[in-house]
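The structure under discussion appears below in the form of structure tokens.
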Amino acid sequence: MAEEAGATDNAALRRKAYVDAGREAFLDAGFGATTMSSIAARVGGSKTTLWSYFPSKEELLAAVVDDIVDVHAIALSTPLPIDQPIAEVLERFAISLLASILSPKVIGLHRFVAGEAQRFPHVAKLFYERGPAKGRARSAAYLGEKMAQGELRNGDPQVAAMQLFGLCQAGSFHGVFFGMQDNPDSGQMARDAAQAVDAFLRAWRPES
């Protein structure tokens with residue numbers, strides 16, 4: 001049993017080493033210029049071993065995206081309690097979303113996807129489905145419940161979620177993405193979140 005556990009641990013460590021090397025290679029050189037041989041060389045070992053973990057470059061990229069999203073996507077696990085004031089819930093969600101998307105690794109991933117999307121549309125699709133789509137689905141479900149309760153006007157929850165995310169990105173995100181400003185501190189993120197939620201609720205509150 002101890003030998004089996006040790007083998008499992010070693011396999012997990014080896015897999016993580018390939019994912020880390022893949023992330024560095026993709027972000028440094030891009031998807032098209034990165035080869036499985038170059039990733040294997042970064043870790044040390046054969047392509048055959050790498051292929052036993054990831055049969056294709058696309059599958060390795062998927063693991064890289066999942067790893068970054070799992071570590072940094074706080075918004076995917078932020079509670080959205082239906083019985084608490086909507087403004088408070090959305091502000092907490094917006095702050096966690098900003099903390100996620102403004103993290104250096106996620107910013108790097110966004111830049112990588114933006115640079116590769118035209119030549120490799122499937123890269124953008126993979127990123128969207130494994131990251132932003134999950135967060136929007138969670139928030140859309142919550143917003144749909146709030147519409148049903150009458151706290152928001154009736155509409156398409158998916159559209160509402162898309163607009164909420166867009167408002168959250170309207171503050172510091174683009175400045176950081178384009179390298180025009182440093183990452184905001186927690187106070188600035190809180191102000192960006194409050195402004196985004198205020199604008200969102202002004203648009204979606206029921207008419208009195």
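Listed values, structure above:
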{"quantity": "Unmet requirement for ALA5, which otherwise passes all of (1) among the small types (Gly, Ala, Ser); (2) surrounded by fewer than 17 Cβ atoms within 10 Å (Cβ to Cβ); (3) part of a helix (DSSP H, G or I); (4) modelled with pLDDT of 85 or more", "calculated": "(4)"}
{"quantity": "Total residues in segment 150-176, condition farther than 16 Å from PRO132 by Cα and touching a residue at least 24 places away in the same chain (Cβ under 8 Å)", "calculated": "8"}
{"quantity": "Any hit, segment 142-149, residues being among the charged types (D, E, K, R) and outside any helix (DSSP H, G or I)", "calculated": "no"}
{"quantity": "Qualifying positions in segment 42-61 - in a helix (DSSP H, G or I) and either on the phi > 0 side of the Ramachandran plot or within 28 Å of the chain's Cα centre (by Cα) (or both)", "calculated": "ARG42, VAL43, LEU50, TRP51, SER52, TYR53, LYS57, GLU58, GLU59, LEU60, LEU61"}
{"quantity": "Condition check for ILE74: surrounded by 14 or more Cβ atoms within 10 Å (Cβ to Cβ), modelled with pLDDT of 90 or more and out of contact with any Gly (no Cβ under 7 Å at 6 or more places or on another chain)", "calculated": "no"}
{"quantity": "ALA124 surrounded by fewer than 13 Cβ atoms within 10 Å (Cβ to Cβ) and under 17 Å from the mean Cα position of the chain (by Cα)", "calculated": "no"}
{"quantity": "Failed criterion for ASP66 (all others in (1) among the acidic types (Asp, Glu); (2) in the same structural domain as SER186 (by TED's automatic domain parsing); (3) in a helix (DSSP H, G or I) hold)", "calculated": "(2)"}
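The values are calculated or read from the model by the stated rules, or taken from the named source; none is laboratory data. Treat the numbers as computed from the prediction; the structure is a model and nothing was measured. Cβ: placed from backbone, ideal geometry, glycine included. Neighbour counts: every protein chain shown.
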